[in-house]
Amino acid sequence: MSIIKSAVKTGIAVKAFDLARREMRKPENQRKAKELLAKAQHEFRKPQNQQKAKDVLSKVTKRTPGR
């Protein structure tokens, strides 16, 4: 029974991947993806966001055991 479940899950994953790939080939979706990436890059480059990222990173590294 687990083999069947695994096969079904794999089939669903392949179908979802094919659908996503097909959608990304459309020019309007490529444009939207480029706009989203540009917006994200703009947000990352803001000085206040860079400082927030440094603060979060320093908190995380302080909590890491064994360092």
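Each value in this text was obtained by applying a stated rule to the coordinates, not by laboratory testing. Just so we're clear, the structure is a prediction, and the values are computed from it rather than from any experiment. Note that we place each Cβ from the backbone using ideal geometry, even for glycine, and neighbour counts take in every protein chain shown.
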For this session: Among I12, Q48, S2, flag the residue with its Cα farthest along the positive direction of the charge dipole of the chain, charges on Cβ as +1 for Lys/Arg and -1 for Asp/Glu.
Result: Q48
Exercise. What spacing in nm lies between the two simple spin-label points modelled at F17 and Q48, each 7 Å away from Cα in the Cβ direction?
Worked result: 4.2
For this session: Read phi for every residue in segment 35-45 and hand back ³J(HN,Hα) as whole Hz from Karplus 6.51 cos²θ - 1.76 cosθ + 1.60, θ = phi - 60°, with x for Gly and Pro.
Result: 5, 5, 5, 5, 5, 5, 5, 4, 5, 5, 7
Exercise. Dipole magnitude of segment 2-63 about its Cα centre, charges +1 at Lys/Arg Cβ and -1 at Asp/Glu Cβ only, in debye to the nearest 20?
Worked result: 160
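Want the number for L57 to I4: 0.36 nm per residue separation, take away the alpha-carbon distance, what's left?
Numbers: separation 53, 0.36 × 53 = 19.08 nm, distance 4.32 nm.
Extra length available between L57 and I4 comes to 14.8 nm.
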